[in-house]
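All remarks here apply to the structure that follows.
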Amino acid sequence: MKLPIYIADAFTRKLFGGNPAAVCPLQEWLPETVMQNLAAENNLSETAFIVQEDDHFRIRWFTPSTEVKLCGHATLASAHIFYTELGYSKPEIHFKSLSGLLKVAHKAENVYTLDFPANPPELITEIPEGLFEGLKIENAPVFKTSFDYMVLMPDQRSIENLQPDFASLAKVKARGVVTTARGHDVDFVSRCFYPQSGINEDPVTGSAHTIMVPYWAKELGKTTLSAAQLSKRKGFLECELKENRVLMSGQAITYLKGEYTI
């Protein structure tokens, strides 16, 4: 059986930037073991599988090692593929997921706005094993959410200089670890590490911004924010906190379209 596959770079204006995601539209679900094996074979941070259900789509995301409950860049990449390759033309596309209803609006050519639930972090005092050791830092404010730990770093340079010990960081019992600080040319910057999920460093992480945007909106006293994720590939987002939702706008570009055989 031959099935279509696409790869798009999300949260970037140029090819080989941002975060690549595989997009696999399906007529019906494949067995979970097959989807997980395909994600491992793709060896990208996320592979999205999508099936149409009535007037919306059901989306699931797999890293090379596990299924996750929320992924921003692969949702943006999926919307991009539906609009540019699969003939979708409505102003907004709706995806149902393990994190509820996700909306993506097509704003302009290759520009999309994700509408995701906010995930405000809470300050904690009990530091999990492996966190500071993995980041190779002595101390910092640490926050917890339903997915990740978030570590507040002193400045952008400290984010840029991080050289994590991923074996130690993998001991942290969470989906992953988000590090963030105020930015030089944007409101805030970040780097995101997910060795627990088979991804040492994620290039651009939309779901992490559902954590950081509520924090920085309160800290900076404004609801519209610019963000940069300082991975090697880099990614840029325009964000807005709108009540209990986070809006994240970015671009995408198609890298590959083809088919796989199972």
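The values are calculated or read from the model by the stated rules, or taken from the named source; none is laboratory data. Fair warning: this is a prediction, and the values are worked out from it, not measured in the lab. Don't worry about glycine lacking a Cβ; one is built from the backbone with ideal geometry, like all the others, and counts go over all protein chains shown. Side chains are part of the model used for accessible areas, which takes the heavy atoms of the whole protein and leaves out ligands, DNA and RNA. Shrake-Rupley method; radii C 1.70, N 1.55, O 1.52, S 1.80 Å.
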Where both residues lie in region 148-215, what percent of DSSP beta bridges are antiparallel, nearest 5? 70 percent
Whole-Hz ³J(HN,Hα) from phi, Karplus 6.51 cos²θ - 1.76 cosθ + 1.60, for region 12-20, glycine and proline x: 7, 9, 10, 4, 6, x, x, 10, x
For LYS96, which lysines qualify as cross-link partners when the Cα separation must be under 18 Å and same-chain residues fewer than eight apart are set aside? LYS69
Across all Cα atoms of region 164-228, Rg and the largest Cα-Cα distance (Dmax), in Å, are 12.7, 37
What's log10 of I(q)/I(0) for region 41-114 at q = 0.14, 0.16, 0.23 Å⁻¹, Debye sum over Cα points only, no solvent? -0.41, -0.53, -1.06
Report, ordered by chain and residue number, the lysines lying within cross-link reach of LYS90, taken as a straight Cα distance under 22 Å and ignoring same-chain residues fewer than 8 apart. LYS103, LYS107
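With a cap of 11 neighbouring Cβ atoms within 10 Å, and only residues DSSP puts in a loop, list the GluC sites (Glu not before Pro) found in region 159-262.
Answer by residue number: GLU243.
Calculate the tail of P(r) for region 123-262: the fraction of all Cα-Cα distances greater than 18 Å, expressed in %.
For region 123-262, the fraction of Cα-Cα distances above 18 Å is 55 percent.
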In the chain, with Lys and Arg counted as +1 and Asp and Glu as -1 at Cβ, which of these residues, VAL186, PRO214, LEU86, has the Cα nearest the positive end of the dipole, that is, farthest along it? VAL186
By its C-alpha gyration tensor, with a ≥ b ≥ c as the square roots of the eigenvalues, how is region 184-262 shaped: rounded for a/c under 1.5, else prolate for a/b larger than b/c, else oblate? prolate
Give the carbon-plus-sulfur fraction of the accessible surface of region 188-260 in %, rounded to a whole number; probe 1.4 Å, heavy atoms of protein chains only. 48 percent
Taking region 83-182, the whole-percent share of alpha-carbon pairs separated by over 17 angstrom is 62 percent
Just need the Rg to Rh number for region 144-196, please, alpha carbons only, Kirkwood Rh. 0.99
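For the chain, with only Lys/Arg (+1) and Asp/Glu (-1) charged at the beta-carbon, what is the dipole magnitude about the Cα centre, in debye rounded to 20? Present the calculation step by step, with values, prior to reporting the outcome.
Values: 26 positive and 31 negative charges, 57 e Å.
Here the chain has a charge dipole of around 280 debye.
How much of the DSSP bridge set in region 32-156 is antiparallel, in percent, rounded to the nearest 5?
Percentage antiparallel, nearest 5: 95.
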Accessible-area composition of region 7-139, carbon plus sulfur, in percent [1.4 Å probe]: 47 percent
Percent antiparallel among DSSP beta bridges confined to region 169-258, nearest 5, equals 85 percent
What trypsin sites (Lys or Arg not before Pro) does region 59-99 have in DSSP loop regions with at most 14 other beta carbons within 10 Å? LYS69
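Per residue, how many Å² of accessible area does region 83-139 show with a 1.4 Å probe?
59 Å²
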What trypsin sites (Lys or Arg not before Pro) does region 148-179 have in DSSP loop regions with at most 13 other beta carbons within 10 Å? LYS173
Compute the whole-percent fraction of alpha carbon pairs in the chain spaced more than 36 Å apart. 10 percent
Among the lysines in region 134-262, how many pairs, 8 or more places apart or on different chains, have alpha carbons under 18 Å apart? 7
